[in-house]
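Colleague: Got a structure for you, questions after.
The values are calculated or read from the model by the stated rules, or taken from the named source; none is laboratory data. Keep in mind that what you see is a predicted model, and the values were worked out from it rather than measured. Cβ atoms come from the backbone with ideal geometry, glycine included; neighbour counts cover every protein chain shown.
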Amino acid sequence: MRQEIAVEKVLESLKKDHSVRSVFLKGSMGRKEHDEHSDVDLYCLVAEGEENEFLTRRLDHLKAYKDLIFYDDIFIIAPQIIAIYEDWLHIDLFTVTEKTFQEKDFFTVLYDPDDLMGKYQSTQNLELSKEQFIENLLDAAWFLFQHGKAAARGNDTWAVEMLRHCMRNVTTILLARYAKERAVLGLKTIHRDLPQDLQDRVVEIYEEMTPSRHGDAARKIASLLESEFDWICGEMGEDEVSSFMGLMIERVLENKGEQ
């Protein structure tokens, strides 16, 4: 596939850069789950103190594959260039050091002459931390609450958006139970990691998330959460977050027939 060809050509350029100490893949290619539609999450680990110098050379390395039709220089988890090529391939090139490398997600090492990545192999995972799980629970309940306010004032488009935010968290909660080793991947992986009956329920909810039917979607979300609530409480115990979730489930289901 073109992803492998692009990675090979960019890698050969990166190997010649004196600041580059290791090159590796994350994302779907790093997990060896990519297809012809996947983008490339390419990481360079550079020497401490040389990162600013390296940043000025990133575009030259990326152009070793093909000419770019668009790029953007941003910072989310690390300095990053979003690059789109004339064949519409998309590469995200991240720059990290040993101090800024984040020990999440699995990776595939492409170049590592000093075995710097070896110490990180055992720490890679896609499980939610306890704090992340709590945050997802809180956000799922919170956006159900916000949906109710938007629906009550007749702001149907915003009500739909609140449910979309809610479902991003709900699907991560489901993954934490049914595929905990991949839960961080969230919504985009449910088609392969959730049981089929749950996939079907999620699809039904999304089909209802329209300006005229979002009330039904909210009730289906609450029903789905209700079916998982005993497990949630078992994970959380009796605390404010699970109590808030329980109250929101009860409130939405009691509003049957209302928008």
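Colleague: Is it the case, given these coordinates, that Leu93 is under 30 Å from Glu238 (Cβ atoms) and not β-branched (Val, Ile, Thr)?
Modeller: On the way: under 30 Å from Glu238 (Cβ atoms): no; not β-branched (Val, Ile, Thr): yes.
No: the conditions fail for Leu93.
Colleague: Quick one: is Arg164 in the same structural domain as Gly237 (by TED's automatic domain parsing), among the basic types (Lys, Arg) and under 23 Å from the mean Cα position of the chain (by Cα)? Quick ask: steps written out before the conclusion?
Modeller: Details: in the same structural domain as Gly237 (by TED's automatic domain parsing): yes; among the basic types (Lys, Arg): yes; under 23 Å from the mean Cα position of the chain (by Cα): yes.
It is true that Arg164 is in the same structural domain as Gly237 (by TED's automatic domain parsing), among the basic types (Lys, Arg) and under 23 Å from the mean Cα position of the chain (by Cα).
Colleague: Now for a different question. Give Leu138, Leu93 a once-over and let me know the one that is under 21 Å from Ala6 (Cα atoms) and crowded, with 16+ Cβ neighbours inside 10 Å. Explain how you work it out, then say what you get.
Modeller: Values: Leu138 fails: under 21 Å from Ala6 (Cα atoms).
Testing whether each residue is under 21 Å from Ala6 (Cα atoms) and crowded, with 16+ Cβ neighbours inside 10 Å leaves just Leu93.
Colleague: Given (1) in contact with a strand residue (DSSP E or B) (Cβ under 8 Å, 6 or more places away or on another chain); (2) surrounded by 14 or more Cβ atoms within 10 Å (Cβ to Cβ); (3) among the charged types (D, E, K, R), where does Lys104 come up short, assuming only one miss?
Modeller: Condition not satisfied by Lys104: (1).
Colleague: Something else now. Exactly one condition in (1) among the aliphatic types (A, V, I, L, M); (2) within 16 Å of Tyr85 (Cβ to Cβ); (3) at pLDDT 95 or above is false for Leu55; which is it?
Modeller: It fails just one condition, (2).
Colleague: In region 187-243, what residues are hydroxyl-bearing (Ser, Thr, Tyr) and either assigned to a helix (DSSP H, G or I) or modelled with pLDDT under 95 (or both)?
Modeller: Of everything in region 187-243, those that are hydroxyl-bearing (Ser, Thr, Tyr) and either assigned to a helix (DSSP H, G or I) or modelled with pLDDT under 95 (or both) turn out to be Thr189, Tyr206, Ser223, Ser227, Ser242, Ser243.
Colleague: It is to be established whether one or more residues within region 27-35 are in contact with a helix residue (DSSP H, G or I) (Cβ under 9 Å, 6 or more places away or on another chain), at pLDDT 95 or above, crowded, with 20+ Cβ neighbours inside 10 Å and not polar (S, T, N, Q).
Modeller: Scanning region 27-35, I find no residue that is in contact with a helix residue (DSSP H, G or I) (Cβ under 9 Å, 6 or more places away or on another chain), at pLDDT 95 or above, crowded, with 20+ Cβ neighbours inside 10 Å and not polar (S, T, N, Q), so the answer is no.
Colleague: May I pose another question? Kindly establish whether Val20 is outside the structural domain of Glu181 (by TED's automatic domain parsing), more than 21 Å from the chain's Cα centre (by Cα) and modelled with pLDDT of 95 or more.
Modeller: Numbers: outside the structural domain of Glu181 (by TED's automatic domain parsing): yes; more than 21 Å from the chain's Cα centre (by Cα): yes; modelled with pLDDT of 95 or more: yes.
Taking the combined requirement at face value, the residue satisfies it.
Colleague: Please go through (1) modelled with pLDDT under 95; (2) farther than 26 Å from Gln124 by Cβ for Tyr71 and return the number of the only condition it doesn't satisfy.
Modeller: Going through (1) modelled with pLDDT under 95; (2) farther than 26 Å from Gln124 by Cβ one by one, Tyr71 breaks only (1).
Colleague: Residues in region 99-114: is at least one without any contact (Cβ under 8 Å) to a residue 60 or more places away in the chain, assigned by TED's automatic domain parsing to the domain that holds Glu204 and among the acidic types (Asp, Glu)?
Modeller: no
Colleague: Next up: Mind listing just one residue for me: the one in region 102-155 that is in a strand (DSSP E or B) and in contact with a Gly (Cβ under 9 Å, 6 or more places away or on another chain) and, of those, nearest to Gly246 (Cα to Cα)?
Modeller: Filtering region 102-155 for residues in a strand (DSSP E or B) gives 108-111.
Now drop any that are not in contact with a Gly (Cβ under 9 Å, 6 or more places away or on another chain), which leaves 108-109.
Values: Thr108: 42, Val109: 45 Å.
Selected residue: Thr108.
Colleague: Among the residues of region 4-33, which ones are out of contact with any Leu (no Cβ under 7 Å at 6 or more places or on another chain), in a helix (DSSP H, G or I) and in contact (Cβ under 8 Å) with a residue 60 or more places away in the chain? It would help to see each step written out before you state the result.
Modeller: Residues of region 4-33 out of contact with any Leu (no Cβ under 7 Å at 6 or more places or on another chain): 4-5, 8-9, 12-19, 26-33.
Restricting the remaining residues to those that are in a helix (DSSP H, G or I) gives 4-5, 8-9, 12-15, 27-30.
If the condition is that a residue be out of contact with any Leu (no Cβ under 7 Å at 6 or more places or on another chain), in a helix (DSSP H, G or I) and in contact (Cβ under 8 Å) with a residue 60 or more places away in the chain, then Ile5, Leu14, Lys15, Gly27, Met29, Gly30 are the ones that fit.
Colleague: Regarding Asp115, is this residue within 14 Å of the chain's Cα centre (by Cα), among the acidic types (Asp, Glu) and closer than 30 Å to Glu50 by Cβ? Spell out how you get there, then give the answer.
Modeller: On the way: within 14 Å of the chain's Cα centre (by Cα): no; among the acidic types (Asp, Glu): yes; closer than 30 Å to Glu50 by Cβ: yes.
So Asp115 does not fit the description; no.
Colleague: How do the pairs read when you match residues in region 222-237 that are within 14 Å of Leu253 (Cα to Cα) with residues anywhere that are modelled with pLDDT of 95 or more and of a type in the set (Asp, Glu), using Cβ under 6 Å and keeping only pairs 6 or more apart or on different chains?
Modeller: As it stands, the answer is none, since no pair meets every condition given.
Colleague: Can you tell me which residues in region 40-52 are at pLDDT 95 or above and either of a type in the set (A, V, I, L, M, F, W, C) or at positive phi (or both)?
Modeller: Val40, Leu42, Cys44, Leu45, Val46, listed by residue number.
Colleague: Checking the structure you have, find out if any residue of region 123-130 is within 30 Å of Leu42 (Cβ to Cβ), modelled with pLDDT under 95, touching a strand residue (DSSP E or B) at 6+ places or on another chain (Cβ under 7 Å) and surrounded by 15 or more Cβ atoms within 10 Å (Cβ to Cβ). It would help to see each step written out before you state the result.
Modeller: Restricting attention to region 123-130, the residues satisfying the condition of being within 30 Å of Leu42 (Cβ to Cβ) are 123-129.
Now narrow it down to the ones that are modelled with pLDDT under 95: 123-129.
Add one more test, that the residue is touching a strand residue (DSSP E or B) at 6+ places or on another chain (Cβ under 7 Å), and what stays is none.
So far as region 123-130 goes, no, none of its residues is within 30 Å of Leu42 (Cβ to Cβ), modelled with pLDDT under 95, touching a strand residue (DSSP E or B) at 6+ places or on another chain (Cβ under 7 Å) and surrounded by 15 or more Cβ atoms within 10 Å (Cβ to Cβ).
Colleague: Do you know which residues across region 36-69 are surrounded by fewer than 15 Cβ atoms within 10 Å (Cβ to Cβ), over 19 Å from Lys9 (Cα atoms) and touching a residue at least 24 places away in the same chain (Cβ under 8 Å)?
Modeller: Scanning region 36-69 gives Ala47, Glu48, Glu53.
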